[in-house]
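Shown next, in structure tokens, is the structure this report addresses.
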Amino acid sequence: MFWKYLLFETKLLLQNRKNWLLGIALILFFPLYYSQYSQIDIKDMQKLKNEEAQHFHTVFYAFPEELRETAEGEAVYTNLTEQSSLINMQRFYLWKKEDYDKYIEDGIKLNELRLELHELGNKGIHPNYVIPKDVIQKEMAILRYNKVHKLPLVPDPFVASNYLPVALNMISGLLFCLFVLIIGSSMLLNDQQHRSVVGGFPISFMPKVSAKVAIHLVQVLLFLGLGVLIGGYYVAQKTEWGNFIAPVLIYQDMDFVAVSTIRYITYMFIAFALIALFLLLVFVLINVVTKNLYATILTMIVILLLPDLISVAGMKFNWLYPLKFIDISSVLSGEAALEFGNEKMDFKHSYSWLVGLNLIAAAILYGRNKLLYIRKGGSSILIASCLLILAGCHPMQKSDLVKVDPYEENFEVIGSEKDVLIGKVNPAIFNTADRSNENAEQVENEVFTQDGVKVTLQSGRYSISGSPVGNIFIYDKNGDLIIREIVGYAGGVGSLTVDIEDTYTVFADGGYDHVSFVPMPTQLSTDLNAGVWEVGLDIEAGEYTFGSEYGLGYLELHEEGKDPVLYEVIGGNEMGSKSRVELTEGQKIRITGISLVNFKPA
């Protein structure tokens, strides 16, 4: 039943125009943003090195002479002199456009000297010309990576391989969160719009949540993947694909590490998947509490912005920093660690926390559902216990207390529960249509609106089916309901077999795209699907045991002038129900809620 429900939810999701529009917008972002990105003025390495060399003129000119006379000052000045020499050599290698290996070696030495200068306290150097440690670490990581992988020293920043990480960084954070929240806003909305259909699925809360979250997560990742592929192809047509082994920096263990572009994109996709999963789980959790879509989205936005809002207010709560992992690009770039002054906001901790947050959200959902179930069950047990005590204290109570309940003996439902489940029985259920199907014709109907469609058929016996799933209502000539059944390949029963008079009206609700009415020949069988069957015409009279391989439903036994009998049918070869019944000619069997019931002669 889980897979049928999953298929049903998938069908509803595919018909959700809002999500398709959002998905198309996300896909179009990747090629459209390139038009702005390609206009950015990115300085080449030659210009950057020339500017660095010019800065040293100012540094040397402003260096205090009295400091130079000290041993510490002399060490700083010597360090600066070596840096200046290495920079000039790098300029020379770039001008010649060769000896890039020597450029990298000198670049590594240059940054080692810069780190030494930090250890010396950068004394005598104006703060504007002090190169931050994170900038030094980044440059060293890139140089070492290029040295190992023998990559071109001057990459084209506008090729697809260099553009895609930038585009993914742009959608990271609140923008991606809003996209996921709006995509996921239809998860529980479907339950309200299709309450009668969804209520017919014998499936518990957690499997329903799992199905909803899974298909919405797949949809989010599908849109994101298509956006990357289409955006990459568009940029490649403008320039070229580039080299996906090119380095991208990530922050890890208080340092920067260079990884390949393809690896970085993979990391981003995994992070986006974990973030989307967390957001969808929390959305369900908050929505079942608030019961309001807009309140849920607003609450989640406030929660996600809480670390930034508190930081702006000048307060500090370290226990909120895991929420900042939602903006994965700022974590991988090291910006989050710098902003919050927390070195644990790095690559390794981010993925550990994202997995942990998902487990916590799932556990809270499961725990809440379990608690509600226990409370409900506890109340029922308390009431039942009180009734048993009262029954035992009754003065007319006989000594013969042990009595076998009909349900325990044969899965027969009795009393008020039976009356509620069967409801009012329309006498038309005993009518038998023209089984020759002489005038019966196959009818196919498209359902174009949520209002559904009314169908009038010629007399005969029909098998009714539809897609994806909806309600079938059959009314007599007076407009009174005879049968209602949830039918469809994505949920409910697979098909409904009934006798139809030409005075009846059949109504298929808006859950369907298409419904079919196919004339069915009459033949004896011991395998009966959902519908109404007559003993003697559709199954021989006699004693039987019946059950089903899967599903959950009911079997009603109707006989004119007598109260109907109701049996619960629980699917399963080993643990399923097995009921014994004696069928007599002329009785009507109605099977509801379950696709197939198997009868075996007793």
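Structure notes:
- Largest to smallest in accessible area, the residues 353, 241, 533, 95 fall in the order 95, 241, 353, 533 (1.4 Å probe, all protein chains included).
- Amide proton proximity set for residue 540, modelled H, under 5 Å, gap of 5+: 525
- Fraction of accessible area attributable to carbon and sulfur, segment 45-149 (%, probe 1.4 Å): 53
- For residue 150, the solvent-accessible surface with a 1.4 Å probe is about 150 Å², rounded to the nearest 10.
- For segment 203-359: rounded, prolate or oblate by the Cα gyration tensor [a/c cutoff 1.5]: oblate
- Each other residue within a Cβ distance under 15 Å of residue 67 adds +1 if Lys or Arg and -1 if Asp or Glu, for a net charge of -3.
- Dipole axis of the chain (+1 Lys, Arg; -1 Asp, Glu on Cβ), positive-most option in 511, 334, 86: 86
- Ellipticity estimate at 222 nm from DSSP helix runs (n ≥ 4, -39,500 (n - 2.57)) divided over the chain, nearest 500: -17000 deg cm²/dmol
- Accessible-area order (highest first, 1.4 angstrom probe) of the listed residues 522, 449, 456: 456, 449, 522
- Computed with a 1.4 Å probe over protein heavy atoms only, the accessible surface of the chain comes to 53 Å² per residue.
- In Å², nearest 10: area of residue 158 left accessible to a 1.4 Å probe: 50
- Inter-probe distance in nm under a simple model that places probes 7 Å from Cα toward Cβ, at residue 112 and residue 545: 8.4
- Förster radius 41 Å - calculated FRET efficiency between residue 431 and residue 369 (Cβ-Cβ, nearest 0.05): 0.35
- Rounded to the nearest 20 debye, the dipole magnitude of the chain is 1180 debye, with +1 charges on Lys and Arg beta carbons, -1 on Asp and Glu beta carbons, and the Cα centre as origin.
- Nearest-ten-degree value, helix 261-290 long axis tilted from longest Cα axis of the chain: 50
- With all protein chains in place and ligands, DNA and RNA left out, the 1.4 Å accessible area ranks 206, 254, 187 as 254, 206, 187, largest first.
- Coupling constants for segment 360-365 follow from the phi torsions by the Karplus curve (6.51 cos²θ - 1.76 cosθ + 1.60, θ = phi - 60°), and in residue order they are 5, 4, 5, 5, 5, 4 Hz; glycine and proline get x.
- Fraction of accessible area attributable to carbon and sulfur, segment 416-601 (%, probe 1.4 Å): 46
- Cross-link pairs 324/348; 102/238; 138/344; 212/291; 49/109; 18/291 - those with Cα-Cα distance over 23 Å: 102/238
- Nearest-ten-degree value, helix 205-238 long axis tilted from longest Cα axis of the chain: 40
- Three-way shape call for segment 451-531 based on the alpha-carbon gyration tensor, with the a/c threshold at 1.5: oblate
- Computed accessible area, residue 352, all protein chains, 1.4 angstrom probe, square angstrom: 80
- The calculated FRET efficiency for residue 126 paired with residue 174, based on their beta-carbon distance and R0 = 56 Å, is about 0.90.
- Kirkwood hydrodynamic radius of segment 416-601, from the reciprocal of the average inverse Cα-Cα distance over all distinct pairs: 16.8 Å.
- Charge dipole (the chain, unit charges on Cβ, about Cα centre) - positive-most of 576, 27, 244: 244
- Inter-label distance, residue 269 to residue 293: 3.1 nm, where each label sits 7 Å from its Cα along the C-beta direction.
- Values of log10 I(q)/I(0), in the order q = 0.06, 0.13 Å⁻¹, for the chain under a Debye, Cα-only, solvent-free model: -0.54, -1.33
The values are calculated or read from the model by the stated rules, or taken from the named source; none is laboratory data. None of the values given here were measured: they were computed from a predicted structure. Glycine also receives a Cβ, built like all others from the backbone with ideal geometry; neighbour counts cover every protein chain displayed. For the accessible areas, the whole protein counts, side chains as well, though only heavy atoms, and no ligand, DNA or RNA atoms are used. Shrake-Rupley method; radii C 1.70, N 1.55, O 1.52, S 1.80 Å.
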